[in-house]
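One structure is given here, and the rest of the page talks about it.
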Amino acid sequence: MRILHKGRQPEKSLFFRYYQWILWFSFTLYFLTSFFITNKPITLSKPRASGSKLSLPSRVLFESVNKTSQQPYLKNPAMFKDLKIFIYELPSEYNENWLSNKRCSNHLFASEVAIHRALLNADDFRTFDPNEADLFFVPVYVSCNFSTVNGSPTIVHARSLLFSAIQFITKNYPFWNRSQGFDHIFVASHDYGACFHAMEDRAIDNGIPEFLMNSILLQTFGVNYKHPCQDVENVLIPPYISPESIRKTLEKAPLTGNRDIMVFFRGKMEVHPKNVSGKFYSKRVRTEIWRRYKGDRRFFLQRHRFTGYQSEITRSVFCLCPLGWAPWSPRLVESVALGCVPVIIADGIRLPFSSAVKWSEISLTVAEREVGKLGQILEHVAATNLSTIQKNLWDPAVRRALLFNDHMQRGDATWQILTSLYKKLNRSYRRS
């Protein structure tokens, strides 16, 4: 028995060693597997999955818009030093009544509505006590009076409506008179801004209303040379484009994600230089584009309206942004937001938020007199530094800076306005 027992001892030892090895291997495999699952590396350049609805650039654009829309409202940061703005509660005929027309809050001049809404929701910047306010916001919607003839906004009533609002403020509050409006803010989101007229010669003749000359104007019009319509304290702002329209367009981007249009423009292009008003629309720039490139296969030019035109922008590499009556265009914002390189054709234009948006790195500027060489210029860019421009253009911070949100977010258009207003706190009666 002892001999048999001694003879089986090595077998038992070998069995336990084998069992221990299996056990050790199983635990090791378990821990290694758990580690790699919970610490999965991020692939920087991952091939697009089969069946993906958007290309990588479109996916990046779409996801960044979604993340922006989900960001919580940001508290008053130290950089604004407790900036406080009082918003006047005016009778509804100055603002709310105009919203019965849904276009009022969505057309290209609707930044007057968007800024008002964002400030109403900005609890940490807004004060309900006018005695502790640095600046005073006057919410008057002057661009929601649409023509029954062509449906375009008409602002012939703007001056009288604004003057009436100031009379109401003067009668009910003491703050306008003590500074003559020096610390008061208005929005002038129209062709020639504070001059409140769509035609430059008439705008210059009319000038800025005397009662607004001391105030701060948030306006879309801006040029790099002396002009009567910017001869007032002003902050240059972008035209309004709905963030929701951008999000929906990116959701429906082409399955392939390819940009199959090299150069895109849809809009008013006069066949004859002079239109019925006897004026040269777009200084004949758009007429020249149509005349030279309407048969060029590289150019996708359309003279008629199309409600889904943003989908055409997502398919385009270059988007033309020529001047209209005024130098600026809503196409500037749409092109950037949808990842199409803006081609700016408007001599002397001043662009919004230059400290946040490096326009020279995300767009091209072509002189009005060089429009005949447009094809050659864009071919050269496509063959040289297009990828660098597109990389800069797809930075989510660039898009965010040009879009207005109902609830202000870090870096968005209202944020950029407050940044500019903070630099004007020398106008605050309270602080002085």
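The values are calculated or read from the model by the stated rules, or taken from the named source; none is laboratory data. Since we're looking at a predicted model, the values are computed, not measured. Quick reminder, even Gly has a Cβ in these numbers, built from the backbone with ideal geometry, and neighbours come from all protein chains shown. When the accessible area is computed, the model is the full protein with side chains, heavy atoms only, and any ligands, DNA or RNA have been set aside. Shrake-Rupley method; radii C 1.70, N 1.55, O 1.52, S 1.80 Å.
So, in the stretch 83-139, exactly how many residues are among the acidic types (Asp, Glu), open to solvent by 20 Å² or more (accessible area, probe 1.4 Å) and part of a loop (DSSP other than H, G, I, E, B)? Selection size over the stretch 83-139: 4.
None of 377, 389, 417 is assigned by the TED database to the domain that holds residue 299, within 27 Å of residue 325 (Cβ to Cβ) and at pLDDT 95 or above except 377.
The residues in the stretch 165-190 that are in contact (Cβ under 8 Å) with a residue 12 or more places away in the chain and closer than 26 Å to residue 100 by Cβ can be counted, and the count is 10.
Of all residues in the stretch 245-258, those that are surrounded by fewer than 21 Cβ atoms within 10 Å (Cβ to Cβ) and in contact (Cβ under 8 Å) with a residue 12 or more places away in the chain total 9.
If the condition is being open to solvent by less than 10 Å² (accessible area, probe 1.4 Å) and in contact with a Phe, Trp or Tyr (Cβ under 8 Å, 6 or more places away or on another chain), then the stretch 311-323 contributes 313, 316, 318, 319, 320, 322.
In the set 287, 365, only one residue is open to solvent by 10 Å² or more (accessible area, probe 1.4 Å) and modelled with pLDDT under 95; that residue is 287.
Among the residues of the stretch 388-409, those identified as over 19 Å from residue 250 (Cβ atoms) and open to solvent by less than 20 Å² (accessible area, probe 1.4 Å) are 389, 408.
Against the condition in contact (Cβ under 8 Å) with a residue 12 or more places away in the chain and surrounded by fewer than 16 Cβ atoms within 10 Å (Cβ to Cβ), how does residue 197 come out, does it pass? No; evaluated as a whole, the condition is false for this residue.
Taken over the stretch 264-280, the criterion of being in contact with a strand residue (DSSP E or B) (Cβ under 7 Å, 6 or more places away or on another chain) and either at pLDDT below 85 or farther than 19 Å from residue 375 by Cα (or both) is satisfied by 273, 274, 280. Could you look through the stretch 410-430, keep only residues that are touching a helix residue (DSSP H, G or I) at 6+ places or on another chain (Cβ under 6 Å) and in a loop (DSSP other than H, G, I, E, B), and pick out the one that is most open to solvent (accessible area, probe 1.4 Å)? Top of the filtered list is 429.
Determine if the stretch 140-148 includes at least one residue that is at pLDDT 95 or above and either in contact with a Leu (Cβ under 9 Å, 6 or more places away or on another chain) or under 27 Å from residue 91 (Cβ atoms) (or both). Yes. Can you tell me which of 82, 129 is more than 14 Å from residue 185 (Cβ to Cβ), more than 25 Å from the chain's Cα centre (by Cα) and free of Cβ contacts under 8 Å to residues at least 40 places away in the same chain? Answer to the selection: 82.
Of all the listed residues (166, 208), the sole one being modelled with pLDDT of 95 or more, outside the structural domain of residue 330 (by the TED database), in contact with a Cys (Cβ under 9 Å, 6 or more places away or on another chain) and not in a strand (DSSP E or B) is 208.
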